[in-house]
Amino acid sequence: MNTYYSELGRKFEGRTPIDTEGYYVLHRNEEISRSLTVPKGVPMITAARFVQALADGCGTIIRAFARRPENKDVYAFSLYADDHSGFLVYMNTEAGFQTALAAYGHDDPERIRALKYGQGDFEFQFRSEQMGEHGETIRLMERAAYRALDLNEDSDSGKDVSEPVAAIEAGIVDMGYQVLALRAVQRLIEDDAFAPLRTTADFIAYAATENDYFNYSIVMRKTIEPALFDALFPELGEYDRQYRRELESYRKLTVAEALDYWTEAADGSITASPYRYIKSEYEVFAQLAPFGSALAEASLPRLRRVAEQDDLVQDDRKKLFYYMECLHFCGGLTDGQREECRSIAALLEAKHGELREEARQLVRLANGEAS
């Protein structure tokens, strides 16, 4: 299974901090390096500065839109952060929605709601270039993140690079920017930044990722009041109720039984798969979290058995990622469990060189570092 959105969920829910040691340093010739310190005299982009730049940039867009004749019946604002470090601002009006509805011709209420809040069909879209001076901070991060894709722990970081132009906290580039998009929207709401807009009574502002299930189950609920969320998306409330009833069938399982149960659920192969209820991979592990240390105790032997195999097929790799993700939800590792993580990491390095990054993740877990 792909645990990307579980890791992202951990960061949105505060289980894993977005802080990461060090900085990505962007150089004049677009090269990237990683450093534990900020080069002397180089501007530094911190998480706080990035949130402020996002919020101020969005404010610039909002005020500019407020002067346009289309500023009428605005019902949604969204700050979208994709999986590749790009940002877009979306807004739509009732008139824009009616235009899209006429083009598609939907008559099913659920499909109409999906169209109304599907950002790809919003009439108004804005980029960092329209954020004024604040957009430069966003573009610096986007440039650094793009270059950082080719940088890993084996790279000869910092050798023969040109003059540095900016240093960005590593945690921002390493998925943290999506959490910071949420913080920026929360800042806009707190500052009443949407006041210049002529909004509808059910206006909503929210952050968004590429995954609709993740957005609806986690991100949007952090800036939309529960009563309004339920009114706008009544089918999701019904899914929530169905899902809670479904969970009752699993409450008495042992930790070993629960690990097996949720392995199948994560693959979408049984009735209680969270995807059926518009939830993301994060939900799988959130249901295992109450087992605490017992979850790690049950996961580590399974993880070792996978690592000991000579050849790993796709199903083996899925299990490996699954058991590794479980370790993030056990509430902290004991000293013995930390040592076992290091031992399994060494085993992965020795037998499966292509899983070097996974081995390093286990070591970081053992050391209590964010990942």
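For segment 213-238, enumerate the residues that are free of Cβ contacts under 8 Å to residues at least 40 places away in the same chain and part of a helix (DSSP H, G or I).
Of everything in segment 213-238, those that are free of Cβ contacts under 8 Å to residues at least 40 places away in the same chain and part of a helix (DSSP H, G or I) turn out to be Asn215, Met220, Arg221, Pro226, Ala227, Leu228, Phe229, Asp230, Ala231, Pro234, Gly237, Glu238.
Residue by residue through segment 13-33, note down the ones that are closer than 25 Å to Leu140 by Cβ, open to solvent by 20 Å² or more (accessible area, probe 1.4 Å) and modelled with pLDDT of 95 or more.
Once the filter is applied, which keeps residues that are closer than 25 Å to Leu140 by Cβ, open to solvent by 20 Å² or more (accessible area, probe 1.4 Å) and modelled with pLDDT of 95 or more, segment 13-33 yields only Tyr23.
Kindly evaluate Ser293 against the criterion of being among the hydroxyl-bearing types (Ser, Thr, Tyr) and modelled with pLDDT of 95 or more.
Yes, satisfied.
Would you mind listing the helices (runs of 4 or more DSSP H) fully within segment 39-118 where at least 2 residues are among the small types (Gly, Ala, Ser) and under 23 Å from Arg147 (Cα atoms)?
In segment 39-118, the matching helices (runs of 4 or more DSSP H) lie at 47-66.
Among the residues of segment 1-38, which ones are of a type in the set (Ser, Thr, Tyr), in a loop (DSSP other than H, G, I, E, B) and more than 30 Å from Arg317 (Cα to Cα)?
Listed by number, the list holds a single entry, Thr37.
Mind checking which residues of segment 296-332 are out of contact with any helix residue (DSSP H, G or I) (no Cβ under 6 Å at 6 or more places or on another chain), aliphatic (A, V, I, L, M) and at pLDDT 95 or above?
If the condition is that a residue be out of contact with any helix residue (DSSP H, G or I) (no Cβ under 6 Å at 6 or more places or on another chain), aliphatic (A, V, I, L, M) and at pLDDT 95 or above, then Met324 is the only one that fits.
Can you find, within segment 337-354, the residue that is nearest to the chain's Cα centre (by Cα) among those that are acidic (Asp, Glu) and open to solvent by 60 Å² or more (accessible area, probe 1.4 Å)?
Out of the qualifying residues, it is Glu354.
Quick one: Ala307 ticks every box in (1) within 20 Å of Ala256 (Cα to Cα); (2) part of a helix (DSSP H, G or I); (3) open to solvent by 10 Å² or more (accessible area, probe 1.4 Å) except a single one, so which number is it?
Result: Ala307 fails condition (3) only.
Thr254: β-branched (Val, Ile, Thr), within 24 Å of the chain's Cα centre (by Cα) and open to solvent by 30 Å² or more (accessible area, probe 1.4 Å), yes or no?
Considered against the rule, which asks whether it is β-branched (Val, Ile, Thr), within 24 Å of the chain's Cα centre (by Cα) and open to solvent by 30 Å² or more (accessible area, probe 1.4 Å), Thr254 comes out as no.
For the list (1) of a type in the set (A, V, I, L, M, F, W, C); (2) within 26 Å of Tyr243 (Cβ to Cβ); (3) modelled with pLDDT under 95; (4) open to solvent by 20 Å² or more (accessible area, probe 1.4 Å), I need the number of the one condition that Ala266 fails.
All conditions are met except number (4).
Identify all residues within segment 96-155 that are farther than 26 Å from Ala167 by Cα, of a type in the set (D, E, K, R) and modelled with pLDDT of 90 or more; write none if there are none.
Passing the criteria: Lys116, Asp121, Glu123.
Taking the residues in segment 34-50 that are small (Gly, Ala, Ser) and in contact (Cβ under 8 Å) with a residue 40 or more places away in the chain as candidates, determine which candidate is least open to solvent (accessible area, probe 1.4 Å).
Here the residue is Ala47.
Residues that are modelled with pLDDT under 85, farther than 20 Å from Thr3 by Cα and open to solvent by 60 Å² or more (accessible area, probe 1.4 Å): does segment 223-240 have at least one?
no
The values are calculated or read from the model by the stated rules, or taken from the named source; none is laboratory data. These numbers come from a predicted model, not from an experiment. We place every Cβ from the backbone using ideal geometry, glycine too, and count neighbours over all the protein chains shown. The protein model used for the area step is the full one, side chains on, heavy atoms only, and it has no ligands, DNA or RNA in it. Shrake-Rupley method; radii C 1.70, N 1.55, O 1.52, S 1.80 Å.
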